[in-house]
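**Student:** Provided herewith is a single structure, encoded as structure tokens, for subsequent inquiry.
The values are calculated or read from the model by the stated rules, or taken from the named source; none is laboratory data. Quick caveat: nothing in here was measured; it's all calculated off a predicted structure. As a convention, Cβ positions derive from the backbone with ideal geometry for all residues, glycine included, and neighbour counts pool all protein chains shown. In case anyone asks, the SASA skips ligands and DNA or RNA and just uses the protein heavy atoms, side chains included. Shrake-Rupley method; radii C 1.70, N 1.55, O 1.52, S 1.80 Å.
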Amino acid sequence: MESFDELLRKAEVAHGHLCAGQILGVRMALLGLGRLGIADPHGTDRKRLITYVEIDRCATDAIGLVTGCRLGKRALKFRDWGKMAATFVDLAANRAVRIVALENSRELAAQHYAHIESKNQQQMQAYRDLPDAQLFREQWVRVEIDPADLPGYKTERIRCARCGEGVNFGRVAEVGGEQLCISCGNPERCYWRPADPQCRS
Ligand SMILES: [Zn+2]
Ligand SMILES: [Zn+2]
């Protein structure tokens, strides 16, 4: 495993800036990997790990970088819960650890680094220095992953009977005997609307 400083440098480059979130994300990911005993997430251990992130903020980029888990590899799962938390799943050992960043880190940072003027710098220093137990809560958990959500899963691709768009991985809604895509079969789940309501296609 690369050192904390090396990983942080890479996270800064990939993310575009160094911020408290990068430091926090690198710490969270290192803690999770350490608990699982995964030392080489980009090499020999690369097929062992799935990571669930619960927020789409700066730290998420760092978690993806350190773990090597990416959306495009189906190894990074996003649950939009607005929590600074991530769950690291070891598929080989069938165990998982969920790590939550504690809310009181700002107060801790203000206490420990009162001599630093900028709140942001205080926070960054706290995320660098404070021990894991002061920054995080961790819990062993079980995660049932649908085989269709695992990397490498393959199944036949269908065409939605209504819009004709191709759909992968069984993401299909059966409605009135027809195989529909999620947006046609469950319009309430569709995240977009036609810009021109007159135009239906
Ligand atoms: Zn950032
Ligand atoms: Zn459709």
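**Student:** Contact list please: Cβ distance under 9 Å, first residue in region 181-192 and open to solvent by 70 Å² or more (accessible area, probe 1.4 Å), second residue within 12 Å of ligand 2 (Cβ to nearest atom) and assigned to a helix (DSSP H, G or I), pairs at least six apart or on different chains.
**Tutor:** As it stands, the answer is Arg189/Ile182; Arg189/Ser183; Tyr191/Ser183; Trp192/Ser183, since those pairs meet every condition given.
**Student:** Out of Ala173, Ala86, Ala148, which single residue is more than 30 Å from Leu7 (Cα to Cα), surrounded by 10 or more Cβ atoms within 10 Å (Cβ to Cβ) and touching a strand residue (DSSP E or B) at 6+ places or on another chain (Cβ under 7 Å)?
**Tutor:** On the way: Ala86 fails: more than 30 Å from Leu7 (Cα to Cα); Ala148 fails: touching a strand residue (DSSP E or B) at 6+ places or on another chain (Cβ under 7 Å).
Matching residue, one of Ala173, Ala86, Ala148: Ala173.
**Student:** Looking only at region 104-118, decide whether some residue is farther than 21 Å from Ala11 by Cβ, aromatic (Phe, Trp, Tyr) and either open to solvent by less than 10 Å² (accessible area, probe 1.4 Å) or at pLDDT below 95 (or both).
**Tutor:** Looking through region 104-118, at least one residue is farther than 21 Å from Ala11 by Cβ, aromatic (Phe, Trp, Tyr) and either open to solvent by less than 10 Å² (accessible area, probe 1.4 Å) or at pLDDT below 95 (or both).
**Student:** Is there a residue being in a loop (DSSP other than H, G, I, E, B) and either out of contact with any helix residue (DSSP H, G or I) (no Cβ under 6 Å at 6 or more places or on another chain) or within 16 Å of ligand 2 (Cβ to nearest atom) (or both) anywhere in region 8-19?
**Tutor:** First pass over region 8-19, keeping only residues in a loop (DSSP other than H, G, I, E, B): 16-19.
Applying the additional criterion that residues be either out of contact with any helix residue (DSSP H, G or I) (no Cβ under 6 Å at 6 or more places or on another chain) or within 16 Å of ligand 2 (Cβ to nearest atom) (or both) yields 16-17.
The answer is yes; a qualifying residue exists.
**Student:** Looking at region 28-46 only, could you name the residues that are farther than 22 Å from Arg137 by Cα and either within 14 Å of ligand 1 (Cβ to nearest atom) or outside any loop (DSSP other than H, G, I, E, B) (or both)? Full working, then the answer.
**Tutor:** Taking region 28-46 first, the residues farther than 22 Å from Arg137 by Cα are 40-46.
Listed by number, the list is empty, since nothing qualifies.
**Student:** Follow-up. What pairs come out if I take residues in region 125-137 that are surrounded by 18 or more Cβ atoms within 10 Å (Cβ to Cβ) and pair them with residues that are charged (D, E, K, R) whose C-beta lies under 7 Å away, six or more apart or interchain?
**Tutor:** If the second residue must be charged (D, E, K, R), the pairs left are Tyr127/Arg27; Leu135/Arg27.
**Student:** Is it the case that some residue within region 20-27 is away from ligand 2 (no atom under 16 Å from the Cβ), part of a strand (DSSP E or B) and open to solvent by less than 60 Å² (accessible area, probe 1.4 Å)? Before you say what the answer is, go through the steps one by one.
**Tutor:** Residues of region 20-27 away from ligand 2 (no atom under 16 Å from the Cβ): 20-27.
Then drop every residue that is not part of a strand (DSSP E or B), which leaves none.
For region 20-27, residues away from ligand 2 (no atom under 16 Å from the Cβ), part of a strand (DSSP E or B) and open to solvent by less than 60 Å² (accessible area, probe 1.4 Å): absent.
**Student:** Residue by residue through region 29-77, note down the ones that are touching a residue at least 40 places away in the same chain (Cβ under 8 Å), within 21 Å of His17 (Cβ to Cβ) and touching a Phe, Trp or Tyr at 6+ places or on another chain (Cβ under 9 Å).
**Tutor:** Ala29, the sole residue that qualifies.
**Student:** Name, by its number, the condition in (1) within 23 Å of the chain's Cα centre (by Cα); (2) surrounded by fewer than 13 Cβ atoms within 10 Å (Cβ to Cβ); (3) modelled with pLDDT under 95; (4) not charged (D, E, K, R) that does not hold for Thr155.
**Tutor:** Only one criterion in (1) within 23 Å of the chain's Cα centre (by Cα); (2) surrounded by fewer than 13 Cβ atoms within 10 Å (Cβ to Cβ); (3) modelled with pLDDT under 95; (4) not charged (D, E, K, R) is unmet by Thr155, namely (1).
**Student:** Which condition breaks for Pro41 when tested against (1) farther than 23 Å from Glu6 by Cα; (2) touching a Gly at 6+ places or on another chain (Cβ under 6 Å)?
**Tutor:** Failed condition: (1).
**Student:** Hey, another quick one. If you go through region 95-113 one residue at a time, do you hit one that is closer than 28 Å to Thr44 by Cα and charged (D, E, K, R)?
**Tutor:** Looking for residues that are closer than 28 Å to Thr44 by Cα and charged (D, E, K, R), one finds at least one in region 95-113, hence yes.
**Student:** Could you please find all residues in region 72-83 being at pLDDT 95 or above and surrounded by fewer than 19 Cβ atoms within 10 Å (Cβ to Cβ)? Step through it out loud before you land on a result.
**Tutor:** Narrowing region 72-83 to residues at pLDDT 95 or above: 75-83.
Answer for region 72-83, where residues must be at pLDDT 95 or above and surrounded by fewer than 19 Cβ atoms within 10 Å (Cβ to Cβ): Lys77, Phe78, Arg79, Asp80, Trp81, Gly82, Lys83.
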